[in-house]
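Accompanying notes for the structure given below.
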Amino acid sequence: MPGSIGTSEIREAVPLAVRQARPTVWLNPRRVAADDILPTLTLTRADVEAAEARWRRFDPLLAHLFDALGTGRIDSPFRALAAPMARRVAGGQGGAVWVKADHELPVTGCIKARGGVYEVLVYAEALALAQGLLRPGETYARLADPDARRLFGAHTVAVGSTGNLGFSVGVMARALGFRVEVHMSHDAKAWKKQRLREIGAEVVEHAGDYGSAVAAARAAFADRADAHFVDDEDSLDLFLGYATAAFDLRRQLAAAGVAVDRDHPLYVYLPCGVGSAPGGVSFGLTLLFGDAVRCIFVEPVAAPCMLVQLAAGLERPVSVYEVGLDNRTEADGLAVASASMRVARTVGPLIEAVVTVSDADLSAWLRELWTGAGLRLEPSAAAGFAAVRPFLAALPAPPGGDRATHVVWTTGGALLPEAEFQAALRGDGTG
Ligand SMILES: Cc1ncc(COP(=O)(O)O)c(C=O)c1O
């Protein structure tokens, strides 16, 4: 790319501590007020509302297909952490600590369902409408009928994944009768590959990392009229599926009597891999709460792809390898070397901070949250907890004091096989 930023300039732009894989708090110097940035973006509140309306159209079908879904709504509990644990998490710096428990999200047990399931529904709806399978006003439960399944069975849904997106896409697509192909790095956890095979997905392994698996799958499906590729790095539908989580959280905050406004700031801690899930959620929350919400992305010290991208600027994609990091972490869902440029461009200006955390910290929090709060998490999902204290300590004054609310988004783990969970508790990533 002639004239574009070189590796030495990128190294200069990225703090030394980050390059040395030391835990760091990076306060975003290019943050822009919500009112200034939102009108400049192509995606709007109407897009997120349309996505929410689509979820609701599918409620009857999802309730029919999955016993775990009473009403068809895929949402997770929202719980306050008990005072002693909240003090441990926030270092006694004031404000309540809540957990948005996507590790318990029904059907898939991880945040990636919000985007992955949603994108499969978008594809299924488009196919069904094109074939005249859905008459106006007809219930979407109709899409479980044999003729709809025959239609879906003639189509493939493909995805490149570190594991959890593939599972979310795979469960939904298989339930509708689609063929499913999941492209994964050879390094991805063996049990995640096995679990995909058990639901009838074809797993294609690639020698390189997650990014090469996505690139290979994207190329393989570029010209396939009978298939849809879910692009974790570049999909609008994924992003919008995640963004609708904001409506769920707003409802739960109101039901719990938690105020969110200028005097009562809301801090949300989100584990970040390629950026799609935390990016979509942050976008949705900012649409609803403006600058009263502040989103903090959390990444492993070995794979801080969003931090590196935002620090280096948005001129061209940058990878953590370019600053000497190796992308090796037990937090497999976050083991991503290059962030989504679409997400970086859309929500980069909205992110309050990126915090990097060590695997040792993730492991310690995983144990403590299990023994002290009964939270069954996978390493990626504990990232938010490891970030609260360092983030608050990096600010000149604790924001909002006792009036602030801290929400840690736990993003996966309830469906971890017991042996894997025990290995994670021991801090030994046999996976
Ligand atoms: C458990 C878990 N948390 C967080 C994430 C991050 O999501 P994203 O890659 O969209 O940033 C992932 C991604 O797979 C994940 O599996």
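Read the figures in this text as sums done on the coordinates, not as results from a lab. If you're wondering where the values come from, they're calculated on a predicted model, not measured in any experiment. Every residue, glycine among them, receives a Cβ derived from its backbone with ideal geometry; neighbour counts consider all protein chains shown.
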Open item on the list: Just to verify a number: FRET efficiency for Ala53 and Asp145, C-beta to C-beta distance, R0 = 25 Å, to 0.05?
Closed with: 0.65
Open item on the list: Of the candidates Ala353, Ala414, Ala141, which one comes out as most mobile in a Gaussian network treatment of the chain with C-alpha springs shorter than 10 Å?
Closed with: Ala141
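Restricting attention to the range 165-267, which trypsin sites (Lys or Arg not before Pro) occupy a DSSP loop and are surrounded by at most 12 other Cβ atoms within 10 Å? Intermediate results must be reported in sequence, preceding the final value.
Details: sites: Arg174, Arg179, Lys189, Lys192, Lys193, Arg195, Arg197, Arg218, Arg224, Arg250, Arg251, Arg262; in loops: Lys189, Arg224, Arg262.
Sites meeting the loop and neighbour criteria: Arg224, Arg262.
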Open item on the list: To test your reading of the geometry: what angle, between 0 and 90 degrees and rounded to tens, separates the Cα axis of helix 383-394 from the longest principal axis of the chain?
Closed with: 30
TODO: Pull out the extension gain between Asp234 and Leu16, defined as 0.36 nm times the separation in residues minus the alpha carbon to alpha carbon distance; nm, one decimal.
DONE: 75.5 nm
Open item on the list: 5 Å is the cut-off here: which amide hydrogens, built 1.01 Å from N in the peptide plane, fall below it relative to Phe229, excluding neighbours closer than 5 in sequence?
Closed with: Ala158
- [ ] Please build a GNM for the chain, connecting alpha carbons under 10 Å apart, and tell me which residue among Ala86, Ala394, Ala303 fluctuates the most.
- [x] Ala394
Task: Prolate/oblate/rounded call for the range 1-147, Cα gyration tensor, a/c under 1.5 rounded - done: oblate
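Expressed in nm to one decimal, what extension gain is obtained for the pair Arg30 and Ala397 from 0.36 nm per residue of sequence separation less their Cα-Cα distance?
Working: separation 367, 0.36 × 367 = 132.12 nm, distance 2.00 nm.
Full extension of this stretch gives 130.1 nm more.
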TODO: Could you work out how far helix 245-255 tilts from the main Cα principal axis of the chain, as a 0 to 90 degree angle to the nearest 10?
DONE: 70
Task: Top of Phe247, Phe66, Phe78 by mean-square fluctuation, Gaussian network on the chain, Cα under 10 Å - done: Phe66
- [ ] Quickly estimate the mean residue ellipticity at 222 nm for the chain, helices only: each DSSP H run with n ≥ 4 gives -39500 (n - 2.57), and the total goes over all residues, rounded to 500.
- [x] -13000 deg cm²/dmol
TODO: For the chain, find the longest principal axis of its Cα atoms and tell me its angle to the long axis of helix 112-130, 0 to 90°, nearest 10.
DONE: 30
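Sorted by average packing, counted as other Cβ atoms within 10 angstrom per residue and highest first, what order do 104-116, 19-31, 280-292 take?
On the way: 104-116: 26.7, 19-31: 16.5, 280-292: 23.2.
Highest mean packing first, the order is 104-116, 280-292, 19-31.
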- [ ] Enter the Cα centre distance for the pair the range 388-417 and the range 227-274, rounded to the nearest angstrom.
- [x] 15
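Can you tell me the FRET efficiency between Ala63 and Ala216 if r is taken as the Cβ-Cβ distance and R0 is 41 Å, rounded to the nearest 0.05? Numbers along the way, then the final one.
On the way: r = 36 Å, r/R0 = 0.89.
After rounding to 0.05, the efficiency reads 0.65.
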